[in-house]
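First the structure, in the form of structure tokens, and then the observations on it.
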Amino acid sequence: MTALSFNKVEIDLKALRDNFLNIRQAVGPQVRVMAVVKADAYGHGLERTARALYQAGARVFGVAETEEGAALRQAGVEGEIIVLLGPCPDHYDDLIKYKLTPVVFDLEVLAGLAGRAAQLDAVVDVHLKVDAGMGRLGILPEQVRPFVEAAAQLSGIRLSGVLSHFPEADNPAARARTREVLERFRSALSMVGGIAADRKVLHIANSAALAYLPDTHLDMVRPGISLYGCSPDGAAGQVCAGEPGLALRPVMSFKTRVIQVKEVAAGTGLSYGHIFVTGRPSRIAVLPVGYDDGYLRKFSNRAQVLIRGQRAPVCGRVCMNACLVDITDLPGSAEIRAGEEVVLLGRQGSGEITADEAASWLETINYEVLCLFGGRNRRVYLD
Ligand SMILES: *Cc1c(COP(=O)(O)O)cnc(C)c1O
């Protein structure tokens, strides 16, 4: 993880800003865009990512925890910062000090926060989370009215937004159920006199809803994965079907280099367990990357890497800090030496390994690949 590591994750800040601007343009001037930068900006680095997005015009940020919001303020990020997981009592002072906007779903916690804010002569904006079908965080629709009425009695807080979340917006086969969630959210709001009309910010759309369901945009959208240039459903490239020109570019690449090339005979067992045995005389490159770097053991005998723009298969077990690739069939294979660049995620020449492809090797989703690679390696920012 030091500056001298063989491995690096590159973050293309221009691609990030372009993705934000494309989303901004697609939703139009009436709709705000909350840039979701939780989880260390999906592995892209919280502060650098948020600062680049701010430069591109982002004025609302979404983080998971108070601590991340405080870190953004300390990095000089202005604008509104929504804390999606809400507060607990030891967060009250930081929420107030850093002017963060917590999501709330618990009256006792809200009353505690309000009391502390009133003591400090502050007013904290809060957004109410409604569980309209996600089945996770939030109050149920029938609890909205009593909650809002009770909140109205509290000084020290101001209910300035109401939000919900979709469980299946990425699934075209579940459109009808997604519409039901939207309708349940709308009707929960209409039960409460004035709340929707009262300039409250209403928001429900993640990247998938933003892309596929324009009528879910409401007052604000909350893109995460699409900012980072990946699709919420593994579909390549194009978010906002029917919105011409909204192509997204992946922001993250992951690179290493060859540290040794060796010629081995047919019948040679490679790496721990010898789960790979060469079937012919082979040229093998040793790479200084392994599961400690987020290049998980599951990639053993499955993944591919790019060298000189061509694909080479990972052969044998991925170790803690090393793995092997078979470069026998690469054009120019004989010239490959220690120091040759290897791309594990991203583009090289005309080749590309996408987060979706890496996710398929790991039997997971692109989100997890970004968090994994980004979280485990030195990041280098390109601007
Ligand atoms: C993470 C998150 C998002 C962003 O989701 P993407 O699918 O990455 O766009 C939006 N809203 C909430 C509440 C979230 O937790």
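The values are calculated or read from the model by the stated rules, or taken from the named source; none is laboratory data. Predicted model only: the values in this text are computed from it and were never measured. No Cβ is skipped: glycine too gets one built from the backbone with ideal geometry, and neighbour counts run over all protein chains shown. These accessible areas exclude ligands, DNA and RNA; they are computed on the full protein's heavy atoms, side chains included. Shrake-Rupley method; radii C 1.70, N 1.55, O 1.52, S 1.80 Å.
The table below gives the values:
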{"read-out": "Between helix 46-55 and the chain: long-axis angle, C-alpha atoms, 0 to 90°, nearest 10", "value": "70"}
{"read-out": "Equivalent-ellipsoid semi-axes of the stretch 1-61, from the Cα gyration tensor, Å, largest first", "value": "26, 11, 8"}
{"read-out": "Rounded accessible area of residue 98 (nearest 10 Å², 1.4 Å probe)", "value": "40"}
{"read-out": "Descending semi-axes in whole angstrom, ellipsoid equivalent of the stretch 108-161, from the Cα gyration tensor", "value": "23, 11, 9"}
{"read-out": "Residues of the stretch 7-132: accessible area per residue with a 1.4 Å probe, Å²", "value": "39"}
{"read-out": "At most 10 other Cβ within 10 Å, DSSP loop - GluC sites (Glu not before Pro), the stretch 288-383", "value": "363"}
{"read-out": "Label-point separation in nm, residue 118 to residue 183, each point 7 Å along Cα→Cβ", "value": "4.1"}
{"read-out": "Computed FRET value (nearest 0.05) for residue 55 with residue 106, which takes r as the C-beta separation and R₀ as 25 Å", "value": "0.10"}
{"read-out": "Along each principal axis, Cα extent of the chain, largest first, Å", "value": "79, 43, 37"}
{"read-out": "Degrees, to the nearest 10: 107-119 long Cα axis against longest axis of the chain", "value": "70"}
{"read-out": "Rounded accessible area of residue 88 (nearest 10 Å², 1.4 Å probe)", "value": "50"}
{"read-out": "Proximal lysines relative to residue 298, as straight alpha-carbon distance under 29 Å, when same-chain residues fewer than 8 apart are discounted", "value": "8, 38, 255, 262"}
{"read-out": "Antiparallel DSSP beta bridges within the chain, as percent of all bridges there, nearest 5", "value": "50"}
{"read-out": "With every protein chain in place, the stretch 11-96: carbon and sulfur % of accessible area (1.4 Å)", "value": "47"}
{"read-out": "Listed residues 97, 262 arranged by accessible area, highest first, probe 1.4 Å", "value": "97, 262"}
{"read-out": "Helix 175-190 axis, angle to the chain major axis (alpha carbon atoms, nearest 10°)", "value": "30"}
{"read-out": "Å² per residue, accessible surface of the stretch 240-352 at 1.4 Å", "value": "45"}
{"read-out": "Length released on extending from residue 171 to residue 274, taking residue separation times 0.36 nm less the Cα-Cα span", "value": "33.0 nm"}
{"read-out": "GluC sites (Glu not before Pro) within the stretch 65-146, DSSP loop, no more than 14 other Cβ atoms inside 10 Å", "value": "78"}
{"read-out": "Heavy-atom SASA rank of 191, 252, 320 (probe 1.4 Å, accessible area, largest first)", "value": "320, 191, 252"}
{"read-out": "Between the stretch 60-82 and the stretch 283-327, the Cα center-to-center distance that results, in Å", "value": "37"}
{"read-out": "Exposure of residue 274 as accessible area (Å², to 10), given a probe of 1.4 Å and all protein chains", "value": "110"}
